[in-house]
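The values are calculated or read from the model by the stated rules, or taken from the named source; none is laboratory data. The structure displayed is predicted, hence computed values, not measured ones. Cβ atoms come from the backbone with ideal geometry, glycine included; neighbour counts cover every protein chain shown.
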């Protein structure tokens with residue numbers, strides 16, 4: 001078989017060789033505990049703080065505002081907990097959106113069990129949160145607003161700066177889950193005006209198991225893990241030294257490469273969207289045509305079920321993802337696709353292709369040739385396919 | 001996660017299609033839940049001489065449909081009615097636990113087609 005075409009970069013990315021190379025000395029050579037007094041410990045501490053600076057620089061923050069975590073989900077959990085704790089005097093109301101990642105939604109549900117009230121804002125047909133809806137949802141007791149910067153499934157970019165302004169005007173903390181945004185669009189915490197921001201290393205060619213949380217200075221921090229003095233005492237436990245070095249290097253490279261990334265991804269994305277729309281009847285693009293991540297394509301293919309499409313693509317050497325129930329482990333298709341108003345049967349037939357810098361124009365052409373054949377074949381087998389498509 | 005047999009029946013499904021003027025046909029499932037199976041059977045002298053299916057669903061749904069058609073083809077109505085979802089799953093060398101409901105659909109589709117046949121051809 002030919003080389004596998006990987007178009008699932010929103011799920012995870014390959015660790016870049018430069019990143020791996022930067023990490024390797026911190027396993028066997030400069031392996032010290034950053035809390036140790038001796039030479040190898042001091043070297044390790046230096047590496048951790050250099051990586052913190054790299055992360056901070058990449059998002060326009062100060063190094064002291066960056067806390068390392070084990071990933072995006074941990075950062076999201078931490079942000080909601082610490083944001084609510086910091087605002088405990090104001091009240092017990094959280095505002096979020098219906099299309100957040102489960103790391104946000106399930107944490108909000110947990111907060112509801114602890115006596116918080118949560119408003120889940122709807123989105124429009126493109127997956128956009130309305131700024132007016134955010135403002136209208138704010139009450140006297142609203143403690144925290146958490147809205148993602150970019151959606152992981154349909155790629156929709158939210159008006160983060162506008163939401164941040166409203167949050168600030170009402171004295172409410174604002175957190176954004178920027179897991180899909182970092183390395184994909186320009187992110188500047190000061191320009192956006194966000195109070196907290198989550199990221200995950202493996203989404204931008206860093207290693208897995210490492211993330212970071214930006215917390216604007218002045219916000220009262222609270223502990224995620226009790227123990228030693230790591231992460232200024234708020235997240236105890238010996239630092240994941242190689243991974244921290246890795247996320248630092250990865251974010252530095254990703255931000256430096258952003259103009260080139262944006263240009264290449266946008267071109268490949270648009271070629272895929274246009275080509276698939278031309279070649280396959282009765283498909284729809286999910287998400288917004290322009291307010292979307294440069295590397296995200298999400299389509300619904302009518303009369304088909306997503307897992308079947310994925311498995312056929314996999315047999316053809318193309319790796320992608322779907323929001324169908326069969327891939328989510330539940331009976332319902334993706335909450336994001338339902339939130340943008342898709343009927344269940346259309347949501348079941350969704351396909352996400354998320355591009356990366358390794359993808360080529362040739363690979364896009366291969367997908368444009370293979371997918372219509374797969375769709376035709378599966379549609380011939382589907383009892384839902386109308387006669388005129390057979 | 002899928003056995004080789006499931007992958008084989010998914011990639012090369014047997015008996016796909018429809019039978020014009022079928023002796024009986026049945027549709028089960030719900031598009032809302034992500035799977036629908038339609039079975040057509042042709043019955044001659046109490047024997048299922050031909051069977052075709054169409055399925056909207058995941059790889060397991062397609063594979064169980066395909067396997068179920070193979071298992072009832074050439075069988076008597078009574079034998080076909082005795083087909084269980086467990087037998088279909090076993091013939092595929094097993095299904096992941098979350099996919100067992102797909103094999104249930106295959107059993108139901110066969111039964112629905114036979115019921116339709118029996119309604120159209122009352123005994124006696």
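The criterion of at least 3 residues that are free of Cβ contacts under 8 Å to residues at least 40 places away in the same chain is met by the following helices (runs of 4 or more DSSP H) wholly inside the range A:1-91: A:39-59. Residue-level analysis places residue B:68 among those that are in contact (Cβ under 8 Å) with a residue 40 or more places away in the chain and under 21 Å from residue A:311 (Cβ atoms).
Here the range B:43-60 is the region considered, the condition is being free of Cβ contacts under 8 Å to residues at least 40 places away in the same chain and more than 13 Å from the chain's Cα centre (by Cα), and the residue that is nearest to the other protein chains (Cβ to nearest Cβ) is B:49. The condition of being modelled with pLDDT of 95 or more, out of contact with any strand residue (DSSP E or B) (no Cβ under 9 Å at 6 or more places or on another chain) and assigned to a helix (DSSP H, G or I) holds for only one of A:368, A:378, that being A:368.
Of all residues in the range A:53-106, exactly one satisfies the criterion of being closer than 13 Å to residue A:147 by Cα and out of contact with any strand residue (DSSP E or B) (no Cβ under 9 Å at 6 or more places or on another chain), namely A:102. Scan the range A:159-200 for residues that are out of contact with any strand residue (DSSP E or B) (no Cβ under 6 Å at 6 or more places or on another chain) and either in contact (Cβ under 8 Å) with a residue 60 or more places away in the chain or closer than 22 Å to residue A:245 by Cα (or both) and the total you get is 9. The numbered conditions (1) buried (at least 17 other Cβ atoms within 10 Å of the Cβ); (2) in contact with a helix residue (DSSP H, G or I) (Cβ under 7 Å, 6 or more places away or on another chain) are all true for residue A:92 except (2).
Restricting attention to the range A:302-323, the residues that are more than 10 Å from chain B (Cβ to nearest Cβ), under 18 Å from residue A:341 (Cβ atoms) and under 24 Å from the mean Cα position of the chain (by Cα) total 1.
Per the listing B:67, B:7, the residue uniquely in contact with a helix residue (DSSP H, G or I) (Cβ under 8 Å, 6 or more places away or on another chain), at pLDDT 95 or above and facing another protein chain (nearest Cβ under 10 Å) is B:7. Checked against the criteria, residue B:90 does not count as assigned to a helix (DSSP H, G or I) and in contact with a strand residue (DSSP E or B) (Cβ under 6 Å, 6 or more places away or on another chain). For the range B:97-124, how many residues meet the condition of being within 14 Å of chain A (Cβ to nearest Cβ) and exposed (fewer than 12 other Cβ atoms within 10 Å of the Cβ)? Number of matching residues: 1. I need a count of the residues in the range B:16-38 that are outside any strand (DSSP E or B) and either away from chain A (no Cβ under 11 Å) or modelled with pLDDT under 95 (or both). Total satisfying the criteria: 9.
For the criterion of being in contact with a helix residue (DSSP H, G or I) (Cβ under 7 Å, 6 or more places away or on another chain) and modelled with pLDDT of 95 or more, residue A:177 passes.
All conditions but one from (1) buried (at least 24 other Cβ atoms within 10 Å of the Cβ); (2) within 17 Å of the chain's Cα centre (by Cα) apply to residue A:101; the one that does not is (1). State whether one or more residues within the range B:75-96 are within 10 Å of the chain's Cα centre (by Cα) and at the interface with another protein chain (Cβ under 10 Å from one of its Cβ atoms). Within the range B:75-96 (the criterion being within 10 Å of the chain's Cα centre (by Cα) and at the interface with another protein chain (Cβ under 10 Å from one of its Cβ atoms)), the answer is no, since none of the residues qualifies. Would you check which residues across the range B:20-39 are within 13 Å of residue A:384 (Cα to Cα), buried (at least 20 other Cβ atoms within 10 Å of the Cβ) and touching a residue at least 24 places away in the same chain (Cβ under 8 Å) and list them? Within the range B:20-39, B:29, B:31, B:34, B:35, B:37, B:38 meet the criteria.
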